Amino acid sequence: MTKENGILKGALRKPPVQTALFFAVMVGLPVLSERGLLPHSFVYALGNTLIYAIIAIGFCLLLGYAGLASLGTAGFIGIGAYTAYFVMQQLELPFIAAFLATLLLSILLGVVVGFISLRIEGIYLAIMTLGLSETIRNLLMALKPTIKIELEHVRLFGVQLGDRGSYYLILIVFSVLMLLTASLIHTPTGRAILAMKNSASAAQAMGISLMKYRLLAFVIATVFAALGGMLYMLHVRTMTTATSTLLTLTTSLNILGAVIIGGAKSLWGSTFGVFMIYGIQSMFLSKIIFFQKNPAFITMITGLLIILVVMFFPGGFAQIAAQLRLWLKGRLLKRKGGGV
């Protein structure tokens with residue numbers, strides 16, 4: 001029995017099993033919403049949260065594994081959102097064309113930023129990416145301050161995507177990207193990226209190309225952010241840059257905060273951090289009258305949470321979960337030893 005339990009616990013720690021369990025839980029929520037067991041707004045907010053989780057996965061790889069700081073996430077999101085709008089709404093091309101255009105533009109932008117990162121590091125790199133993000137945002141605002149995709153243009157393989165369809169698409173993209181990123185981390189490429197973070201000089205001495213892996217890290221983070229922007233337009237279908245904070249520094253800082261809270265070296269921890277910052281706010285706190293009248297309190301709570309995590313648990317909630325698991329394991333072993 002103990003051996004079977006050990007096998008089960010080992011399986012549950014594998015990324016494919018974890019992702020499959022997460023997918024199984026999330027896929028049934030729209031059904032509960034249709035039966036009146038969950039409000040429609042809950043599932044809609046959950047879809048938005050998963051979009052931010054996709055972005056956080058890429059940022060987790062960039063910051064937690066490659067050790068590269070960036071505050072340009074919002075600008076990269078804007079690339080995906082506006083590309084989806086112009087390709088699907090203005091050109092009336094299918095979703096696959098928007099996807100390929102977003103992929104191409106984000107890869108090019110990631111390569112450019114990756115090359116710049118070879119000359120600039122640390123806080124200066126973060127400032128540079130912030131400046132690039134603001135440049136992109138203002139350029140996009142000049143092109144079109146308000147973007148909107150009509151429902152009839154939101155089609156995948158000829159099938160119109162409503163709210164439920166866009167939610168399932170977001171969930172599938174999240175699950176696929178989670179699996180791909182988790183697999184990458186455990187490959188020689190992932191170990192090379194981590195070695196580059198631990199010591200750039202030591203990594204070079206071992207023959208690891210800084211240019212290759214910095215470019216790869218920035219390309220992945222940029223692609224994930226742009227895909228998040230594209231999915232946002234498919235899900236929300238409208239955005240006004242004058243009132244939306246999606247393309248502002250606030251989004252970049254929130255993603256950074258989510259990764260820090262969840263654990264910069266844990267993909268699922270970063271996802272949990274996104275649910276802490278975006279999910280709880282949109283699915284629960286926004287329904288409470290006090291927080292509706294005093295939205296600044298939500299920001300204050302987030303800020304205090306980041307301070308506490310950085311001070312006492314630098315590894316985020318992933319570190320807390322690991323320590324709790326070790327404590328419980330020790331208690332169980334102690335109890336078994338006492339019983340004997």
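The values are calculated or read from the model by the stated rules, or taken from the named source; none is laboratory data. Everything quoted here is computed from the prediction, not taken from an experiment. With ideal geometry, Cβ positions are generated from the backbone for all residues, glycine too; neighbour counts draw on all protein chains shown.
Given the structure, is residue 310 hydrophobic (A, V, I, L, M, F, W, C), touching a residue at least 12 places away in the same chain (Cβ under 8 Å) and out of contact with any Ser or Thr (no Cβ under 7 Å at 6 or more places or on another chain)? Before the answer, list the steps.
Details: hydrophobic (A, V, I, L, M, F, W, C): yes; touching a residue at least 12 places away in the same chain (Cβ under 8 Å): yes; out of contact with any Ser or Thr (no Cβ under 7 Å at 6 or more places or on another chain): yes.
In short, yes.
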| note | Checked against (1) free of Cβ contacts under 8 Å to residues at least 12 places away in the same chain; (2) of a type in the set (Phe, Trp, Tyr); (3) under 30 Å from residue 27 (Cα atoms), residue 124 satisfies every condition except (3)
| Long-range neighbours under 6 Å by Cβ, at least six apart or interchain, first residue touching a residue at least 60 places away in the same chain (Cβ under 8 Å) and within 20 Å of residue 279 (Cβ to Cβ) within region 48-68, second β-branched (Val, Ile, Thr) and surrounded by fewer than 24 Cβ atoms within 10 Å (Cβ to Cβ) | 57/181
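Identify the residue in region 263-296 that is among the hydroxyl-bearing types (Ser, Thr, Tyr) and at pLDDT 80 or above and, among all such residues, is farthest from residue 253 (Cα to Cα). Before you say what the answer is, go through the steps one by one.
Within region 263-296, the first condition is being among the hydroxyl-bearing types (Ser, Thr, Tyr), and the residues that meet it are 266, 270-271, 278, 282, 286.
Okay, now just the ones that are also at pLDDT 80 or above, so 266, 270-271, 278.
Values: 266: 18, 270: 14, 271: 15, 278: 12 Å.
Out of the qualifying residues, it is 266.
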| query | Quick one: would you say residue 147 is β-branched (Val, Ile, Thr) and either in contact (Cβ under 8 Å) with a residue 40 or more places away in the chain or out of contact with any helix residue (DSSP H, G or I) (no Cβ under 8 Å at 6 or more places or on another chain) (or both)? | reply | yes
| Just for helices (runs of 4 or more DSSP H) wholly inside region 242-340: which have at least 2 residues that are closer than 30 Å to residue 141 by Cα? | 249-262, 267-274, 280-283, 289-293, 296-312
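May I ask you to verify whether residue 114 is in a helix (DSSP H, G or I) and in contact with a Lys or Arg (Cβ under 7 Å, 6 or more places away or on another chain)?
So residue 114 passes the test.
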| Top-ranked residue in region 232-241 [being hydroxyl-bearing (Ser, Thr, Tyr) and part of a strand (DSSP E or B); ranked as nearest to residue 72 (Cα to Cα)] | 240
| remark: residue 193 fails exactly one of (1) touching a Phe, Trp or Tyr at 6+ places or on another chain (Cβ under 8 Å); (2) of a type in the set (Val, Ile, Thr); (3) surrounded by fewer than 16 Cβ atoms within 10 Å (Cβ to Cβ), namely (3)
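Hand me the list of helices (runs of 4 or more DSSP H) wholly inside region 1-103 holding 2 or more residues that are at pLDDT below 90, more than 30 Å from residue 203 (Cβ to Cβ) and in contact with a Phe, Trp or Tyr (Cβ under 9 Å, 6 or more places away or on another chain).
On the way: elements: 2-12, 15-27, 29-34, 40-60, 73-84.
Result: 29-34, 40-60.
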